[in-house]
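Reviewing the structure listed below.
The values are calculated or read from the model by the stated rules, or taken from the named source; none is laboratory data. Computed from a predicted model, the values in this text were never measured in an experiment. We place every Cβ from the backbone using ideal geometry, glycine too, and count neighbours over all the protein chains shown. SASA here: full protein model, heavy atoms, side chains in, ligands and nucleic acids out. Shrake-Rupley method; radii C 1.70, N 1.55, O 1.52, S 1.80 Å.
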Amino acid sequence: MIAMSGQVWVSLISLGGVALGGVLSYLVQHRTQRSAERVEQQRQQITLSETRRAERLALLERFIEVSAEAERCAYTRPSEWEDTDPWYLTTRDVMYRFWVADRLIRIQFPPPVPDAAHAHFLDLNRTVWEGLPDGENVRDYLEGNRSAFLDTARAVMG
């Protein structure tokens, strides 16, 4: 009976070793899997951040380009114009694209940037369609909100 008891103990210890090895193997595999998932999530987050940054830069470039076109329209604004004048037709298209660019900035950026962009848009829109009082300079009138927009965009983009 003592011999059999020794065999039982050896079997139980062996079985315990196998169970302990299995549990440790499971824990190591589980931890490795979790680590791999975290690394993949970080990689996806970095990729998403880079994509969003590229999209934002493209929107800023579009807004600035159309803003420059609208400024040219403001500089060339005739004192009187009709709905059929070439200036009006060109300006109408430019201002529509500027309006769209302004709205896209609102979608993609946190509040300080769209607010600054919209203030610049309103100044330029007013200048293009209504003109400025005598003695005021287009460049000087637009400089404040244009600079505020560019500074705010730079701060957000880092």
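The table that follows gives values for the structure above.
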| read-out | value |
| --- | --- |
| Some residue of region 47-63 being farther than 23 Å from GLY158 by Cα and exposed (fewer than 13 other Cβ atoms within 10 Å of the Cβ) | no |
| Residues of region 126-143 satisfying the condition of being open to solvent by less than 50 Å² (accessible area, probe 1.4 Å) and on the phi < 0 side of the Ramachandran plot | THR127, VAL128, LEU132, VAL138, LEU142 |
| Some residue of region 41-52 being at pLDDT below 95 and of a type in the set (A, V, I, L, M, F, W, C) | yes |
| One residue from PRO78, PRO86, PRO111 being under 30 Å from SER49 (Cβ atoms) and surrounded by fewer than 19 Cβ atoms within 10 Å (Cβ to Cβ) | PRO111 |
| Filter result for ALA68 (open to solvent by less than 80 Å² (accessible area, probe 1.4 Å), part of a helix (DSSP H, G or I), closer than 20 Å to MET157 by Cα and modelled with pLDDT of 95 or more) | no |
| Which numbered condition VAL138 misses (of (1) in contact with a Phe, Trp or Tyr (Cβ under 6 Å, 6 or more places away or on another chain); (2) without any contact (Cβ under 8 Å) to a residue 40 or more places away in the chain; (3) not hydroxyl-bearing (Ser, Thr, Tyr)) | (2) |
| Condition met for ASP151 (open to solvent by less than 60 Å² (accessible area, probe 1.4 Å), at negative phi and charged (D, E, K, R)) | no |
